[in-house]
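Accompanying notes for the structure given below.
The values are calculated or read from the model by the stated rules, or taken from the named source; none is laboratory data. Please read all numbers here as calculations on a predicted model, not as lab measurements. Here Cβ is always computed from backbone atoms with ideal geometry, including for glycine, and neighbour counts include all displayed protein chains.
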Amino acid sequence: MSIEQLHQILEMGAQNPPPAGGSPDAMRGWFEAMMEQTPVAENVAIEPVTINGQPCEYLRPEDAVAGKLILYIHGGGWLFGSPASHRVISTNLARRSGITVLSIQYRMAPEHPAPAGHDDAFAAYNWLLAQGYAPRDIAIAGDSAGGNMALAVTVRAREAGLGLPRAMMLMSPALDLAGEGASHTEHATAPLVDKNLMAVFNMLLLGDRDRKSPEATPFYADMSGLPPALIHVGTWEILRSDSETLAERMQAAGVQAELKIWDGMFHNHQLFAPFLDEGMASLNEAGAFLRNQLT
């Protein structure tokens, strides 16, 4: 890791804080503007598509493997983010895997609290099945809130008696909304996402409802029978223990789950991949894993 890279990214974030007391739309505009300047992978075509009324997009690499697809769900605390804001992740997954990525949008809080976003993500999976994709030809990936929903879609598909995705790739999934894991105390002031911001996200998503509600988190679900999973998380983030506990529960249930903890990394460091060696390395490993699982 380049200490200079890390300091530059944290300084960039400090110089561009979210609008104080900003409305949901103001927060979304701030995030989109911040991410608009981030370079995306070359030689990946972007093709808009509308799914169940939501603006989504295909990311097609050159010479994409035919008949295979990665369903990607972006993060943003269920408040902000879009396929456009997270192209640094989706295009690099497409580039490294050589497989087309479908990056979806979903309804967001507070206008649409849980389980609206989770319902949209599950509907997108069903839409892919209706397009003729076999479950074994689909992998599912997500970061932060999107990692939560990627796991939730897989659990829900199992409970509905549908075929399951071939594999899951989760980046810093936001699962322990009750904040009971050790890292929620040990790293309460971690950069990018801290205890206070998680409290805002949870309130917008759930209001006064149970933070362990299955409508908002699959953290407490039965993990048995789920497909192989690769989980990436940083040492320096409030959600670290979410990933550690998830991997333990999956492994105890007989699921093939590999956890990689990136030393010194903060939440969702993949968003800074063009400027951070570990960010690009994480996406390269994720893409390789997804290709190996699907081909």
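Would you mind stating whether Gly225 is surrounded by 15 or more Cβ atoms within 10 Å (Cβ to Cβ), in contact with a helix residue (DSSP H, G or I) (Cβ under 9 Å, 6 or more places away or on another chain) and on the phi > 0 side of the Ramachandran plot? Step through it out loud before you land on a result.
Working: surrounded by 15 or more Cβ atoms within 10 Å (Cβ to Cβ): no; in contact with a helix residue (DSSP H, G or I) (Cβ under 9 Å, 6 or more places away or on another chain): yes; on the phi > 0 side of the Ramachandran plot: yes.
It is false that Gly225 is surrounded by 15 or more Cβ atoms within 10 Å (Cβ to Cβ), in contact with a helix residue (DSSP H, G or I) (Cβ under 9 Å, 6 or more places away or on another chain) and on the phi > 0 side of the Ramachandran plot.
Kindly check whether there is at least one residue in the range 108-127 that is at pLDDT 95 or above and in a strand (DSSP E or B). Give the derivation first.
At the first step, the residues of the range 108-127 found to be at pLDDT 95 or above are 108-127.
Adding the requirement that they be in a strand (DSSP E or B) leaves none.
No, there is no match, as no residue in the range 108-127 is at pLDDT 95 or above and in a strand (DSSP E or B).
If you check Glu237 against the conditions, is it closer than 13 Å to Asp176 by Cβ and either in contact with an Asp or Glu (Cβ under 6 Å, 6 or more places away or on another chain) or crowded, with 24+ Cβ neighbours inside 10 Å (or both)?
Numbers: closer than 13 Å to Asp176 by Cβ: yes; either in contact with an Asp or Glu (Cβ under 6 Å, 6 or more places away or on another chain) or crowded, with 24+ Cβ neighbours inside 10 Å (or both): yes.
Criteria met by Glu237.
Which of the residues that make up the range 181-202 are over 19 Å from the mean Cα position of the chain (by Cα) and loosely packed, with under 14 Cβ neighbours inside 10 Å?
Within the range 181-202, Ala182, Thr185, Glu186, Ala188, Thr189, Asn196 qualify.
Considering only the range 225-233, I want to know if a residue exists there that is more than 25 Å from His86 (Cα to Cα) and either out of contact with any Leu (no Cβ under 7 Å at 6 or more places or on another chain) or part of a loop (DSSP other than H, G, I, E, B) (or both). Please lay out each step first, then the result.
Residues of the range 225-233 that are more than 25 Å from His86 (Cα to Cα), as a first pass: 225-226.
Retained after the next criterion (residues that are either out of contact with any Leu (no Cβ under 7 Å at 6 or more places or on another chain) or part of a loop (DSSP other than H, G, I, E, B) (or both)): 225-226.
Yes; the residues of the range 225-233 include at least one that is more than 25 Å from His86 (Cα to Cα) and either out of contact with any Leu (no Cβ under 7 Å at 6 or more places or on another chain) or part of a loop (DSSP other than H, G, I, E, B) (or both).
Restricting to the range 155-173, name every residue that is over 15 Å from Leu230 (Cα atoms) and either of a type in the set (Gly, Ala, Ser) or in contact (Cβ under 8 Å) with a residue 12 or more places away in the chain (or both). Steps first, answer last, please.
Residues of the range 155-173 that are over 15 Å from Leu230 (Cα atoms), as a first pass: 155-164.
The answer is Val155, Arg156, Ala157, Arg158, Ala160, Gly161, Leu162, Gly163, Leu164.
Please go through the range 59-77 and pick out each residue that is surrounded by fewer than 23 Cβ atoms within 10 Å (Cβ to Cβ), not small (Gly, Ala, Ser) and not in a strand (DSSP E or B).
Selection gives Glu62, Asp63, Val65, Lys68.
When only residues in the range 80-98 that are among the aliphatic types (A, V, I, L, M) and in contact with a helix residue (DSSP H, G or I) (Cβ under 6 Å, 6 or more places away or on another chain) count, which is farthest from Trp127 (Cα to Cα)?
The first filter runs over the range 80-98 and keeps only residues among the aliphatic types (A, V, I, L, M), leaving 84, 88-89, 93-94.
Checking the rest, the ones that are also in contact with a helix residue (DSSP H, G or I) (Cβ under 6 Å, 6 or more places away or on another chain) come to 88-89, 93.
Working: Val88: 25, Ile89: 22, Leu93: 21 Å.
Checking each candidate, the answer is Val88.
With respect to Ala139, is the statement that it is outside any loop (DSSP other than H, G, I, E, B) and over 18 Å from Leu79 (Cα atoms) true? Walk me through it before giving the result.
On the way: outside any loop (DSSP other than H, G, I, E, B): yes; over 18 Å from Leu79 (Cα atoms): yes.
Yes; evaluated as a whole, the condition is true for this residue.
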